[in-house]
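S.K.: Take a look at the following structure, please.
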Amino acid sequence: MGYALSVLSKLGATAGARRLRFVEAVACAFCGGRGEDPKYGTPGGCRVCGGAGVIRTVPPVVTCRVCAGSGCAGGDLPCPACKGVGVAPISPDGAICPRCGGRGEDGVFYCHYCKGQGLV
């Protein structure tokens, strides 16, 4: 746990808003845990959690850097990096991504190697 925290601190000021969490389930960020389509309000219609409102994760996880934990990108589309969950799993002995140097960006897109998180 200590190493992953130190890796987050090495990422600089942007890591301050990102939290490292050891949870096995999170509320769906895309629908806000309601289980319904956020745009149309259709019960059971959330395309990310399938209506459950909760998504199982593999700890540890960090707040998604691409969508800042909102689960949304470009209005009503699920975030392509975290798939709308709002968090992304990282390795317990995580390291800064060698491809993007921890920026999470690769040109105009997010880094596919680390899924935009800056950590691998």
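S.K.: If we count every other residue with Cβ under 13 angstrom of Ala52's Cβ, Lys/Arg +1 and Asp/Glu -1, where does the sum land?
M.R.: Net local charge, Ala52 excluded: +2.
S.K.: Just to confirm a number: summing +1 for Lys and Arg and -1 for Asp and Glu over residues other than Gly41 whose beta-carbon lies under 15 angstrom from that of Gly41, what do you get?
M.R.: With Lys, Arg at +1 and Asp, Glu at -1, the net is 0.
S.K.: Right, next: What value in Å³ per residue do you get for the convex hull of the alpha-carbon atoms in the stretch 49-120?
M.R.: That works out to 79 Å³ per residue.
Values in this text are rule-based calculations from the coordinates and carry no lab data. All values reported here derive from a predicted model rather than from experimental measurement. Every residue, glycine as well, gets a Cβ built from its backbone with ideal geometry; the counts of neighbours run over all protein chains shown.
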